[in-house]
Protein chains: 2
Amino acid sequence: MPPKKTQAREKLLEAARDVIRAKGFSATSVDDLCRTAGVTKGAFFHHFHSKEEIGVEAAKFWADTTSVLFANAPYHAPADPFERLIAYLEFRKELLAGDVPDFTCLVGTMVQETYDSAPAIREACHATITGHAMTLVDDIQDAMDACGVTGTTAESLALHTQAVLQGAFILAKARGSAGIAADTIDHLIRYIRLLFAKPVPEGMPQ
Amino acid sequence: MPPKKTQAREKLLEAARDVIRAKGFSATSVDDLCRTAGVTKGAFFHHFHSKEEIGVEAAKFWADTTSVLFANAPYHAPADPFERLIAYLEFRKELLAGDVPDFTCLVGTMVQETYDSAPAIREACHATITGHAMTLVDDIQDAMDACGVTGTTAESLALHTQAVLQGAFILAKARGSAGIAADTIDHLIRYIRLLFAKPVPEGMPQ
């Protein structure tokens, strides 16, 4: 029995998430997506007018699904906003599990190749990256106020955390392993500890 | 008159550098490269067996040409190794000129989409990123020794600088402008000043 239409749409979005993370947007064909999702081409074109449209919708699906993951993650537990920020970055290290396609970022991958050729995808990726960064701004601002940090803004630092994560994924892809991504997140944690003048723990991993 | 064969190879490598930076590796066809280079398909296949092969050779060409650029850049002038490191990062900000495809990284772009499907390209990109990072290690080590910095290694910090640059390019692509890349390099400069306990200048741009 063929999957119901609403199921087909979600299966296609999950397929887009997984196939594009593994081989990029341009190398992914509509046939790849149908095969991975187990749906017909007719079902694909019932839900999406084009590959570009599923790219845009996949970015939104990524934003929606990762938002739930982050909203329910334990890093919000500490009472202190600085400690919540550090816990967020430690959580990002915990997410570096499995194979490289499992932990790297769909929207960073898509925007890398489509930023000039597919403005709608670029815009959806931009909204996703910026939207996630903005979830950190209140904690960063509260921590900056509490610690008297000046010389930057909460928005700028929030975006910097995302730049470091995106760069960490590229080095992990180049090396074929997650260790180097964890190292670069550790440098970010050390930066934030130094900026907020909180002691860097002895023997902090590199 | 058709270009000479050695010219054809270089024109194809320049075309690969420019077209792949604009639209990614998978979206770039051999026809695109021939058209941009102004050479025949026969000339292409005289020099390269496949698109994958020109991907590998383009990464090496990128390493060779950017090595010359960096070797001759003015950031080597300061007598103090810490100041040379800061001058290097300021130079990376100066390179953020022109349109996004003009200042972003060929090998970061290629490895983002080909890391799993084209191991030879992944390896060439990895060698290029790591090779460039290693040109910073002596200065970082000397500065660490002079300032008594512990808790990390010169290699780890050198790789972190490249992760931040790669992430900066992704955010610039998502936003469609260079300003956010300069902001994230400024955070990296601030991190390095704090790590080496050098005063962060008042009014340092964010």
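Only the coordinates and a few stated rules stand behind these numbers; no lab work does. The structure presented is a predicted model; accordingly, all values stated were derived computationally and were not measured. Quick reminder, even Gly has a Cβ in these numbers, built from the backbone with ideal geometry, and neighbours come from all protein chains shown.
Checking B:PHE44 against (1) within 14 Å of chain A (Cβ to nearest Cβ); (2) without any contact (Cβ under 8 Å) to a residue 40 or more places away in the chain; (3) crowded, with 17+ Cβ neighbours inside 10 Å, only one condition comes out false. Which one?
Of the numbered conditions (1) within 14 Å of chain A (Cβ to nearest Cβ); (2) without any contact (Cβ under 8 Å) to a residue 40 or more places away in the chain; (3) crowded, with 17+ Cβ neighbours inside 10 Å, the odd one out for B:PHE44 is (1).
Quick check on my filter: what residues within region A:1-35 are free of Cβ contacts under 8 Å to residues at least 24 places away in the same chain, more than 20 Å from A:ASP64 (Cα to Cα) and of a type in the set (Ser, Thr, Tyr)?
Within region A:1-35, A:THR28, A:SER29 meet the criteria.
Regarding region A:157-166, can at least one residue be identified that is surrounded by fewer than 16 Cβ atoms within 10 Å (Cβ to Cβ) and either assigned to a helix (DSSP H, G or I) or within 13 Å of chain B (Cβ to nearest Cβ) (or both)?
No - not one qualifying residue is present in region A:157-166.
Counting only residues that are small (Gly, Ala, Ser) and within 12 Å of chain A (Cβ to nearest Cβ), how many does region B:113-153 have?
Residues meeting the conditions: 7.
Mind checking which helices (runs of 4 or more DSSP H) fall wholly inside region B:13-109 and carry at least 3 residues that are of a type in the set (D, E, K, R)?
Those helices (runs of 4 or more DSSP H) span B:30-37, B:51-71, B:81-94.
Collect the residues in region A:26-68 that are within 18 Å of A:ALA127 (Cα to Cα) and not aliphatic (A, V, I, L, M), keeping them in residue-number order.
A:GLU52, A:GLU53, A:GLY55, A:GLU57, A:LYS60, A:PHE61, A:TRP62, A:ASP64, A:THR65, A:THR66, A:SER67 - these are the residues of region A:26-68 that are within 18 Å of A:ALA127 (Cα to Cα) and not aliphatic (A, V, I, L, M).
Got a sec? Which of A:ALA37, A:ALA71, A:ALA63 is of a type in the set (A, V, I, L, M, F, W, C) and farther than 25 Å from A:GLN112 by Cα?
On the way: A:ALA37 fails: farther than 25 Å from A:GLN112 by Cα; A:ALA63 fails: farther than 25 Å from A:GLN112 by Cα.
Result: A:ALA71 is the single residue among A:ALA37, A:ALA71, A:ALA63 that is of a type in the set (A, V, I, L, M, F, W, C) and farther than 25 Å from A:GLN112 by Cα.
Just to be sure I understand the filter: pairs with C-beta atoms under 9 Å, separated by 6 or more residues or on different chains, first member in region A:93-118 and closer than 15 Å to A:THR66 by Cβ, second member assigned to a loop (DSSP other than H, G, I, E, B) and not hydrophobic (A, V, I, L, M, F, W, C). Which pairs pass?
Every condition considered, the pairs that remain are A:THR104/B:TYR115; A:THR109/A:GLY24; A:MET110/A:GLY24.
Inside region A:177-200, can you point out the residues that are facing chain B (nearest Cβ under 7 Å), under 15 Å from B:ALA197 (Cα atoms) and either of a type in the set (Asp, Glu) or in contact (Cβ under 8 Å) with a residue 40 or more places away in the chain (or both)?
A:LEU195
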